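Take a look at the structure below.
The values are calculated or read from the model by the stated rules, or taken from the named source; none is laboratory data. Everything quoted here is computed from the prediction, not taken from an experiment. Virtual Cβ from ideal backbone geometry, glycine too; neighbours counted across all protein chains shown.
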Amino acid sequence: MSAFDVAIVGGGIIGGSLAFDLAAEKLKVVILDRQLPGQESSRAAAGMLSPGPDSPDALPLVPLAKESLRLYPEFVLKVEEASGRRTEFTHGGALQIFLGPRAESERLQMAAEYHRLDLGFEIISREEARQLEPSLGPAAHAAAWLREEAVVDPHLLTDAVIAAARNRGVEIRHHCPVTAVLQDGRRCDGVFAGGERIPAKFVVVAAGAYSGGIDWLARYAPTRPVRGQMIALRSADLTLRTVVRSENGYLVPRRDGRIIAGSTLEEAGFEKHVTPSGIRKILDAALELISGLAQAEIVETWAGLRPGTPDNLPVLGPTDIEGLLIATGHYRNGILLAPVTRMLLGQWILSGQVPMDTTAFSPLRFSAENSHTTTATGASASPDFR
């Protein structure tokens, strides 16, 4: 029976990135995944790296997202060097399109919000927008250029992260579901997985939408699956130059010529399949942005399960069980937040302190025994590790 310094439950982009970092500190790390690593929401994403909030509920995420985007170039460089694989990371900006009669007022509102948050937002004319993306359709009434945004191929990145972690000596056990989290008093001392007791000094739960279904962990990580459907298109008549998006959908170009179109937000439980209504919604939004895609080939369709939480914010950090940490609930931002999550969890494990205020993301905000310390905004009075 082998003992580990850290057992990570879940082998997606979050768990793999953390394992990669911890192995560099000479820690003995094991990843335990219920199937093959990286097959859930990490692979289903489009790969847009946008630090801007997609709803008012996401405002607390902005500092975390900005820091993660800042960390991305170095993170990708290390992963590519350690794995020998490319990730197609590009810091190339994104084109935001505004539709309908309220296009101008919505653009001004978004501009004010982005400027308040110190995020890059440049108002541009429709002519300037078509210079950036010549295939833009006639429905574009107003446009903005988001110069700070980036994109990565989640398939390539996830595969590279898992390979890099393995190359650093991380043990990866697939088809090894964790069925119990083991305690010795108020201390977590390992897990039970694949019919075996696996001792570990630290346990990190990074199992995405499945986190809350493990043993008694719903008290810290009440995750739920939020289905997102996706389409890959290919057109012989046009090549998309940049990310284009509106409030209705988005298009992300890949270097191999495919165009990724998405997405839906569906409370459909663990039903991970595409539907006619979901595909129609995505295609309607895609053709609204780029009408020239009407004759494009549908290369592939798929669906993924985002890990949502009651407030749709991540669950990050230590619990009141010594040695048990949570890194889940990233909802629509798992790819974006991977670098900062692996940094924060790594520092908690190595030193017990982090350089950012993460109170809003504490696992204790959902714990019944800590409900009396929860504020109206949902942030708990957990220790401030700034």
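Taking the condition out of contact with any Ser or Thr (no Cβ under 8 Å at 6 or more places or on another chain) and of a type in the set (A, V, I, L, M, F, W, C), does I8 pass?
Answer is yes for this residue.
Taking the conditions exactly as written (assigned by TED's automatic domain parsing to the domain that holds I260, surrounded by fewer than 22 Cβ atoms within 10 Å (Cβ to Cβ) and of a type outside the set (V, I, T)), does R70 satisfy them or not?
no
Search the range 124-182 for residues being free of Cβ contacts under 8 Å to residues at least 12 places away in the same chain and either of a type outside the set (K, R) or surrounded by 22 or more Cβ atoms within 10 Å (Cβ to Cβ) (or both), and hand back the single one that is nearest to D237 (Cα to Cα).
Within the range 124-182, the match that is nearest to D237 (Cα to Cα) is Q131.
Filter the range 41-61 down to the residues that are assigned to a helix (DSSP H, G or I) and crowded, with 16+ Cβ neighbours inside 10 Å and list them by number.
Scanning the range 41-61 gives S41, S42, R43, A44, A58, P60, L61.
Find all pairs meeting these conditions: Cβ atoms under 9 angstrom apart; at least six residues apart or on different chains; first residue within the range 294-320 and farther than 27 Å from V6 by Cβ; second residue surrounded by 16 or more Cβ atoms within 10 Å (Cβ to Cβ) and of a type in the set (S, T, Y).
Close Cβ pairs (under 9 Å, with a partner that is surrounded by 16 or more Cβ atoms within 10 Å (Cβ to Cβ) and of a type in the set (S, T, Y)) amount to Q295/S235; A296/S235; E297/S235; A303/T264; A303/T275; N312/Y331.
Which residues, counting only those in the range 316-334, are assigned to a loop (DSSP other than H, G, I, E, B) and on the phi < 0 side of the Ramachandran plot?
Residues satisfying the conditions are T319, D320, I321, H330, R332, N333.
Please tell me if S246 is under 19 Å from V151 (Cβ atoms) and of a type in the set (G, A, S).
In short, yes.
Suppose we keep only residues that are in contact with a helix residue (DSSP H, G or I) (Cβ under 7 Å, 6 or more places away or on another chain), free of Cβ contacts under 8 Å to residues at least 60 places away in the same chain and of a type outside the set (D, E, K, R) within the range 223-258. Which one would you say is nearest to G212 (Cα to Cα)?
G249
Any chance you could count how many residues in the range 183-200 are within 15 Å of F4 (Cα to Cα) and either crowded, with 18+ Cβ neighbours inside 10 Å or in contact with a Cys (Cβ under 6 Å, 6 or more places away or on another chain) (or both)?
The number of residues fulfilling the criteria is 7.
Only one of I279, I298 is surrounded by fewer than 16 Cβ atoms within 10 Å (Cβ to Cβ), under 16 Å from M230 (Cβ atoms) and not basic (K, R). Can you tell me which?
Sole residue among the options that is surrounded by fewer than 16 Cβ atoms within 10 Å (Cβ to Cβ), under 16 Å from M230 (Cβ atoms) and not basic (K, R): I298.
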